[in-house]
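One structure below.
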Amino acid sequence: MPNRTKISLFSGTALLAASFMSTAALAQDITIAFSSDELGATSYNPITSSNLNSAASLIYDRLVEQDADQSYHPHLATSWDEAADGMSWVFHLKAGVTFHDGTPFNAQTVADWIPDFADTDNAYLVGAVASVEVIDELTVKLVMSRPEPNLLYNLSSTFMGIPGQVAYDELGDEFGVSAAVGTGPFMLDSFAIGLETVLVRNADYAWASDLSENQGAAHIGQITFREIPDQSTAFLELKTGGIDMLLGVPTAFLEILKVESNITIIQMPGTGIHYMPINVTAPPFDDINVRQATGLAINQEAIVASIYNGVGAPAHNFLISSLPEAVVDRSLNVSYDLERANALLDAAGWVMGDDNIRVKDGTPLSVSLFTQNGTEFTTLTQVVQAQLADIGMEAVITVFDSSTIRDEYKNNRHQLAVRGYDWNNSDILDWFFSGERIGYPNVSMWVDDEGQRLNDVAMEESNNSDERIANFTAYHEYVLAQHLFVPIYQPTKNIAYNLDRVSVPEVVQGTRFRSQTVLDMSVVE
């Protein structure tokens, strides 16, 4: 009987159906459950998907990988050369790489792949690429329409995992839904949306990046990614041996797990925040004073202490604190100030009623507060609800699964929501606040001429890294001044695993738990 190791990842993962290998022949299997940050993936098409999980990094390789220290490492590209004026990049490609369906990876693959991003939500990733020239079989040149100081970061993102062009063209809209083909160390075996994803080892894999000690096929034969939205359930499965690894361990469970002799915890710096977007088109939040008061009502420090036991950090603006663009005018950072919040609502005409709910022109200050299922988000939302009550705002909570809540956003049926993102780059501002993405991901429903101008300058007119930082800082400050959201919490990334079942490298390479680490994992015999 196969030796099965199970890893659980909290996620709303979608799971594909495509068989490449008999699972009965595999000797070592694992199962993975996703963190709440990875909920909601409904496709493994990296070109068109707006949300991907860790499984995608195992199916697809990237030209470039980013390490935890923000350095860039070759992968499918062995090296690259940037022109002095930033108007072209030449990438030298790794020889002998093949896709899961046996077709070769080469310069023509890159030339065919880049244009596929046109007219997708992810087009901005290659928006500066004017054309792609094939120099020879393993050399490709990106001709730029403008300098793009963020190009290496873009190329290292999960959304720029490279799919097999033959399968991509043949499957059309079904690519990533009924099958997925990449060059990665694992191949998609089956996919059931909201339930599980099964990946099997690519036995021919021999082109890992230098972030992996193992340069050949993975030690693990099969990975089953389970979706366990309820974090308490996933936690209990880890304790009782139902799973062997848990990605995205809630901070509330860390101290409990530390007393388990066979459980080890790895903590990584966080790459996102939890926050509350405000729908600026939905009364009463079309009034900027009400939006500002809402932000001042949230006590970030108390939340970190009470919910997260001091693990992680309070968030006071939209970017993780390690980014230079997070350093803004201090007056724009959002911090708890109950007295000022109440004064703003008084001035806006909202009078406190006998039932401690404010009223204006006969209308109570009662609003909807959406959240997604999962213990950590529902607990956080309940605390936010209680803090809003302190300013006389009644927030009625509705819990949705990750797919349904997006439909609510797109149909403009929301007012407030508690959610999170996972992205360690300032262009997340473009993703959530560009007027071109109303509904989702621009959940704030914000359209503003000056905001879009600053967005476009930051995204398209930065000639070098210093200019990019300055431009995104200016855009970030303008967004903060409009009170479009309430920053709440900067989580850490917590991983727990059973020492008796799985061996994991002491150092998790990269900014996230991805293929470079999984390649060096093994099942404990």
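The values are calculated or read from the model by the stated rules, or taken from the named source; none is laboratory data. Here the structure is a predicted model, which means the values were calculated and not measured. Ideal geometry is used to build each Cβ from the backbone, glycine not excepted, and the neighbour counts take in all protein chains shown.
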**OP:** Name the one entry in T224, T240 that is of a type outside the set (A, V, I, L, M) and crowded, with 19+ Cβ neighbours inside 10 Å.
**Re:** T224
**OP:** Might you check whether a residue that is in a helix (DSSP H, G or I) and touching a Phe, Trp or Tyr at 6+ places or on another chain (Cβ under 6 Å) occurs anywhere in segment 111-120?
**Re:** no
Original post:
Here are some conditions: (1) more than 30 Å from T404 (Cα to Cα); (2) in contact (Cβ under 8 Å) with a residue 24 or more places away in the chain. A474 meets all but one. Which one does it not meet?
Top reply: (2)
Original post:
In segment 71-96, what count of residues is obtained for those that are assigned to a loop (DSSP other than H, G, I, E, B), surrounded by fewer than 16 Cβ atoms within 10 Å (Cβ to Cβ) and not hydrophobic (A, V, I, L, M, F, W, C)?
Top reply: 3
**OP:** Determine whether segment 245-266 contains at least one residue that is of a type in the set (F, W, Y), buried (at least 21 other Cβ atoms within 10 Å of the Cβ) and more than 18 Å from V486 (Cα to Cα).
**Re:** yes
Original post:
Among the residues of segment 248-281, which ones are modelled with pLDDT under 85 and in contact with a Ser or Thr (Cβ under 6 Å, 6 or more places away or on another chain)?
Top reply: G248
Original post:
Counting residues that are within 30 Å of L52 (Cβ to Cβ), which helices (runs of 4 or more DSSP H) fully inside segment 332-435 reach at least 3?
Top reply: 375-389, 402-410, 428-433
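Let's see how each residue does on (1) farther than 29 Å from Y440 by Cβ; (2) under 36 Å from the mean Cα position of the chain (by Cα):
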site: G353; (1), (2): yes, no
site: N356; (1), (2): yes, no
site: T363; (1), (2): no, no
site: T381; (1), (2): no, yes
site: M393; (1), (2): no, yes
site: I405; (1), (2): no, yes
**OP:** List every residue pair whose Cβ atoms sit under 9 Å apart, with the two residues 6 or more apart in sequence or on different chains, where the first one lies in segment 356-384 and is in contact (Cβ under 8 Å) with a residue 40 or more places away in the chain and the second, anywhere, is surrounded by fewer than 16 Cβ atoms within 10 Å (Cβ to Cβ) and of a type in the set (D, E, K, R).
**Re:** S368/R413; F370/R413; Q372/D401; N373/D230; N373/D401; G374/D230; T375/D230
Original post:
Of all the residues that make up segment 369-407, how many are in contact with a strand residue (DSSP E or B) (Cβ under 8 Å, 6 or more places away or on another chain), closer than 18 Å to G194 by Cα and surrounded by fewer than 17 Cβ atoms within 10 Å (Cβ to Cβ)?
Top reply: 2
Original post:
Does F191 qualify as being in contact (Cβ under 8 Å) with a residue 24 or more places away in the chain and either assigned to a strand (DSSP E or B) or among the basic types (K, R) (or both)?
Top reply: yes
**OP:** Inspect all residues belonging to segment 307-326 and state whether any of them is exposed (fewer than 15 other Cβ atoms within 10 Å of the Cβ), aliphatic (A, V, I, L, M) and at pLDDT 95 or above.
**Re:** no
**OP:** Kindly indicate whether any position in segment 148-158 is touching a residue at least 40 places away in the same chain (Cβ under 8 Å), more than 25 Å from A470 (Cα to Cα) and part of a helix (DSSP H, G or I).
**Re:** yes
**OP:** Return only the number of the condition from (1) surrounded by 15 or more Cβ atoms within 10 Å (Cβ to Cβ); (2) of a type in the set (V, I, T); (3) modelled with pLDDT of 95 or more; (4) farther than 27 Å from N411 by Cβ that V351 does not satisfy.
**Re:** (1)
Original post:
Name the residues in segment 490-504 that are part of a loop (DSSP other than H, G, I, E, B) and either surrounded by 22 or more Cβ atoms within 10 Å (Cβ to Cβ) or within 23 Å of the chain's Cα centre (by Cα) (or both), would you?
Top reply: P491, T492, V504
Subject >> Residue identified as under 22 Å from H219 (Cα atoms) and of a type in the set (A, V, I, L, M) among V504, V486 >> reply: V504
Original post:
Just a yes or no: is a residue in segment 408-427 farther than 21 Å from F318 by Cα, buried (at least 17 other Cβ atoms within 10 Å of the Cβ) and either among the small types (G, A, S) or not assigned by TED's automatic domain parsing to the domain that holds S156 (or both)?
Top reply: yes
**OP:** With respect to D448, determine if the residue is among the acidic types (D, E), surrounded by 16 or more Cβ atoms within 10 Å (Cβ to Cβ), under 30 Å from S145 (Cα atoms) and in the same structural domain as Q415 (by TED's automatic domain parsing).
**Re:** yes
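Going by what's in this entry, would A41 be described as of a type outside the set (S, T, Y) and buried (at least 24 other Cβ atoms within 10 Å of the Cβ)?
Answer is yes for this residue.
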Subject >> Qualifying positions in segment 56-70 - of a type in the set (G, A, S) and assigned to a helix (DSSP H, G or I) >> reply: A56, S57
**OP:** Exactly one condition in (1) among the hydroxyl-bearing types (S, T, Y); (2) at pLDDT below 95; (3) in contact with a strand residue (DSSP E or B) (Cβ under 8 Å, 6 or more places away or on another chain) is not met by Y168; state its number.
**Re:** (2)
